[in-house]
1. Using the beta-carbon distance between A:Glu158 and B:Asp268 and R0 = 22 Å, what value does 1/(1 + (r/R0)^6) give for FRET efficiency, to the nearest 0.05?
2. So how much slack lies between B:Asp241 and B:Glu103, counting 0.36 nm per residue of separation and subtracting their Cα-Cα distance, in nm?
3. Over every pair of different alpha-carbon atoms in region B:231-390, take the mean of 1/r and invert it; report that Kirkwood radius in Å.
4. Taking both sides together, what accessible area is buried at the B/A interface, probe 1.4 Å, expressed in Å² and rounded to the nearest 100?
5. What percent antiparallel are the DSSP beta bridges of chain B, to the nearest 5?
6. Figure the gain on full extension for B:His364 and B:Lys16 (residue separation times 0.36 nm, minus the Cα-Cα span) and round it to one decimal in nm.
7. Taking a 32 Å limit on the Cα-Cα distance, which of the listed pairs A:Lys35/B:Lys331; B:Lys16/B:Lys96; A:Lys65/B:Lys331; B:Lys190/B:Lys331 fall beyond it?
8. Could you tell me which of A:Ile4, A:Leu53, A:Ser67 has its Cα farthest along the dipole of region A:2-68 towards the positive end, charges placed at Cβ (Lys, Arg +1; Asp, Glu -1), taken about the Cα centre?
Amino acid sequence: MEKINQIKSSGIPLPIEHIDTDQIIPARFLKSTSKEGFGENLFRDWRYNNAELNTDFVLNDPKFKGSILVAGHNFGCGSSREHAAWAIHDYGFRAVVSSEFADIFKGNAMNNGLLPIEVSTDYLQALTTAIYNNPETQIEIDLQSQTIAFEGEVYNFEIDGFKKQCLLDGKVEFDYLVEMHDAIEAYENNRSF
Amino acid sequence: MSKTLFDKLWDSHVVKTFDNGPSVFYIDRHYIHEVTSPQAFQGLEEKGLKVFRPEQIIATADHNVPTLNQDQPIKDPLSANQVSMLTENCAKHGIKYYPLGSEYQGIVHVIGPEMGFTLPGMTIVCGDSHTSTHGAFGCIAFGIGTSQVEQVLASQCLMLSKPKTMRINVNGTLKAGVLSKDVILHIIAKLGTGGATGHFVEYAGSTFEAMSMEERMTVCNMSIEMGARGGLVAPDQTTFDYIAATPYGPKGEDFDKSVEYWKTLKSDDNAPFDKEIHIDASDIEPMITYGTNPGMGINIFQAVPTDEQDQELKKSLNYMGLEPGESLLGKQVDYVFIGSCTNSRIEDLRIAAEYVKGKQKADHVTCWIVPGSKQVEKQAMEEGLDTIFQNAGIRMRQPGCSACLAMNEDKIPEGKLCVSTSNRNFEGRQGQGARTILASPLTAIAAAVHGKIWTADEAIARNQSSVESLSS
Ligand code: SF4
């Protein structure tokens, strides 16, 4: 996994609550057996009205660009499909900002170098408004210091310390687990039930 | 210190805890299916690794399979490819696999319990969020992403931080016509779709104690729909009796020893929960959803909420083609789907059959009844349920996820209204533009017969005054 620390970019606003993984990547696109190419169908049924581009949808609005998605509350609820994280990353996003993430999505995102940044409702609102007022608004994320900032408004976000180190080092949980076979075997042999 | 059941199960499965970090958490049982596993096997192979504990894995094909003519090759080449990759991966790594055509194939969360592979005290994962279903047996069971599937394949462990705990107490007797599906829809409507995020739920109280295992599975299944990591019910005699009747559950002395252990699996008195809620069973009526997430539910005699300021409500109702303040009882429906890992077990089919016996499906309604597994299908045929459905004009199909997520051909057409026993009413979940109303199997079959949103006779009679005011 690529290391991740600082992200500086404009943001794309999508202030809808409870965006579920079926919207992020509809089930009919889950038939692939590789991890690549899902970005093409990210938010497919919002981006297109059948085959036609839905010009009202924010991803089709050339005003808004950038690698930070600024979404609504409870982002990523629903199915456990990691394809949702793959699709967002593949499309070019490196961070999603929301006031709450669904648990499985949050884990999936971090396992794929996509930063889920949880901020307060007020901060989220202020950030969203700032982007609508000026789509060029620069957002700066610094993982090491756990800060997100725009127009001088700084927010300290929480992140699991272990996950943070993984992201900074470009390491994944997998690397730790496969080194632990002896301890796992010992656990198996010592179980009393 | 007194502990919750969740705490006990958690503690006994921790291999190691990193300082101020996550725990290495041991997984007893891993279920896999064709959609979320191929990339995990591929990752393993790229690293030149083997599956660590193949004997603890059970595989089946369910998400992507047709529900008619299962004896013929799968027509869609992409679906066929996913299923054949699963077949190959299982053969290569020595994993027990129940493919199409096997007597035990079915939806992963239906077959695991019915075969006795899901047992109290276990930790269970699957690359599918409704793995929470297995919590009905007193398990820590939860859905994981594909990277985690790969981790479990390689090490039988995951790196996890401990979630918070929540207890949902429901006490009292359910009214006639109110099923376990209504209980969980009621809870989710109360808490909202993110109301239990970060928590693991224990369902407690006399209402759950009185439920069958299948009813408890329906409840635990939908824990994820309020954001919970999972949900569980402490095992009891109902659980032990159910397991005793499974083909692969422990037998003889083994069973007796297991029961001794299983009996210890409950929360201590005064065990602290981070959050606790109480619900009176007699407040629950048959439930339906009106919006595009499972938290947008009302009892069937209530009207769709009105809140001019609520943008989410506006967007949902627009998608659903519904008006604020509208009453849904009596509204014409186009499709009825009885199936999915929430409500496709034999008791669900019995409920539907009993209601529809001697009646006819409304002409304009397309009704799909999809059993959850080959075993459920077989049992339904032995009991003559398929004939009852046929006489009512409904064809029972073959097992699979079907219109729950519409990955196969079973799609609800754009703009059509479907009363469904599945667990998600998200936009497009049952097909592009499809409109889903979640309900119990009883409410679903009543809709199929009446051709409109309707429910159990007893519930209608009990609410006669509101029914009359609706029609006036
Ligand atoms: S029936 Fe639906 S919810 Fe259940 S496993 Fe299949 S797709 Fe998932």
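1. 0.10
2. 47.4 nm
3. Taking every pair of different Cα atoms in region B:231-390, averaging 1/r and inverting gives 20.2 Å.
4. Heavy-atom accessible area buried at this interface is about 4700 Å².
5. The antiparallel proportion sits near 25 percent.
6. Net length gain for the segment: 119.4 nm.
7. In this structure, A:Lys35/B:Lys331; A:Lys65/B:Lys331 exceed 32 Å between Cα atoms.
8. A:Ile4
The values are calculated or read from the model by the stated rules, or taken from the named source; none is laboratory data. Remember, it's a predicted structure, so these values are computed and weren't measured experimentally. Neighbour counts are summed over all protein chains in view; Cβ atoms, including those assigned to glycine, are modelled from backbone coordinates with ideal geometry. To get the accessible areas, we keep the full protein, side chains included, count just its heavy atoms, and leave off ligands, DNA and RNA. Shrake-Rupley method; radii C 1.70, N 1.55, O 1.52, S 1.80 Å.
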